[in-house]
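Visitor: Sharing a structure, written as structure tokens. Questions coming.
The values are calculated or read from the model by the stated rules, or taken from the named source; none is laboratory data. Just so it is clear, the model here is predicted, and its values are computed rather than measured. Note that each Cβ is placed from the backbone with ideal geometry, even for glycine, and that neighbours are counted across all protein chains shown. For accessibility, only protein heavy atoms count, side chains too; no ligands or nucleic acids. Shrake-Rupley method; radii C 1.70, N 1.55, O 1.52, S 1.80 Å.
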Amino acid sequence: MESLSELSVQFSQLSMFPFFDMAHYVVSVMSAREQAGALDIAARSPMASWFSAMLYCFGGGILSSILLAEPPIAVLSNTTNIMLASTIWYMVYYFPYDLFYNCFFFLPIRLIIAGMKEVTRTWKILSGVTHAHSHYKDALLVMITIGWARGAGGGLISNFEQLVRGVWKPESNEFLKMSYPVKVTLIGAVLFTLQHGHYLPISRHNLMLIYTMFLVLIKVTMMLTHSTASPFLPLETPLQRILFGQRQKPSEVRQSASSSGAKGKPSKKTLDKDSGEQSKKKDS
């Protein structure tokens, strides 16, 4: 147990710059390149392509700054990180024969950088929670929101990033159909907020190690199995039925209303028969 505790302490003291930040930028820019029409945008408008890639890389910092009424352009003040991310963007899109992209697309290498990116997710969530606490003491919802925004900002502002590329898909809003990275970041923001407020009986460095190991394990498993489904789905479906499944869907309400109306409305043959009987009674 002591060795595990020492390992978690050493792990919590890891520096994200430069190697983990580089992995985050590589994975983010490669994800931006793999979007539909991204290569055409890069050929027609390099500035739009660069701005889109920067939103992938620094979307969490931009969104959390907006929510805290801080200047979102402050992310540009870190010249070293901007230059590093811009260099990676150029190499991913414009390196001759796509050698740089194909090198990191190789599965063993991509597994490594994807795992390193998940490590940065933990650090971003924690920094968002602590930063929000410095502004709003013991405001749990604010801490959760900022931790969530900083850890998954690239996904939460995906609609704005699409506008930069000239695409508008409101049905892809993360609040309508939440992806796995956004879900797991929200869970992490809740856990680190509860731990920060001493509501969770676990030390910070142990929580960082456990949560990061979970992130890396799930990410590597999903990549090896080529799975796109959320691993939380088996738990989400019964919970949704229990908590939110009691109300009828609008389509079911319309169908039940139309069927009841059809049952209550007399047929044409019945109406003709009734009118005939009434006329006979009048004649008699």
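Visitor: Residue under question is residue 32, and the condition is that it be within 16 Å of residue 158 (Cβ to Cβ) and either part of a helix (DSSP H, G or I) or open to solvent by 40 Å² or more (accessible area, probe 1.4 Å) (or both); does it hold?
Guide: On the way: within 16 Å of residue 158 (Cβ to Cβ): yes; either part of a helix (DSSP H, G or I) or open to solvent by 40 Å² or more (accessible area, probe 1.4 Å) (or both): yes.
The answer is yes for residue 32.
Visitor: Right, here's the next one. Check region 3-20 and report whether any residue there is in contact with an Asp or Glu (Cβ under 9 Å, 6 or more places away or on another chain), of a type outside the set (D, E, K, R) and surrounded by 15 or more Cβ atoms within 10 Å (Cβ to Cβ).
Guide: Checking region 3-20: not a single residue is in contact with an Asp or Glu (Cβ under 9 Å, 6 or more places away or on another chain), of a type outside the set (D, E, K, R) and surrounded by 15 or more Cβ atoms within 10 Å (Cβ to Cβ).
Visitor: Kindly indicate which of 138, 98 is more than 17 Å from the chain's Cα centre (by Cα), more than 22 Å from residue 32 (Cα to Cα) and among the acidic types (Asp, Glu).
Guide: Details: 98 fails: more than 22 Å from residue 32 (Cα to Cα).
So the residue among 138, 98 that is more than 17 Å from the chain's Cα centre (by Cα), more than 22 Å from residue 32 (Cα to Cα) and among the acidic types (Asp, Glu) is 138.
Visitor: So, in region 205-232, how many residues would count as being assigned to a helix (DSSP H, G or I) and either touching a Leu at 6+ places or on another chain (Cβ under 7 Å) or open to solvent by less than 60 Å² (accessible area, probe 1.4 Å) (or both)? Can you show your working first?
Guide: First, the residues of region 205-232 that are assigned to a helix (DSSP H, G or I): 205-225.
Keeping just the survivors that are either touching a Leu at 6+ places or on another chain (Cβ under 7 Å) or open to solvent by less than 60 Å² (accessible area, probe 1.4 Å) (or both) gives 205-209, 211-212, 215-216, 218, 220, 222-223.
Result for region 205-232: 13.
Visitor: Now for a different question. Please identify the pairs in which a residue from region 66-92 that is of a type in the set (Gly, Ala, Ser) has its Cβ atom under 8 Å from the Cβ atom of a residue that is open to solvent by 50 Å² or more (accessible area, probe 1.4 Å), counting only partners at least 6 apart or on another chain.
Guide: From region 66-92, the pairs are 86/50.
Visitor: Looking at region 70-189, what helices (runs of 4 or more DSSP H) fall wholly within it and have at least 1 residues that are at pLDDT 95 or above and open to solvent by less than 60 Å² (accessible area, probe 1.4 Å)?
Guide: On the way: elements: 79-94, 99-105, 107-135, 140-156, 158-164.
Here the list reads 79-94, 99-105, 107-135, 140-156.
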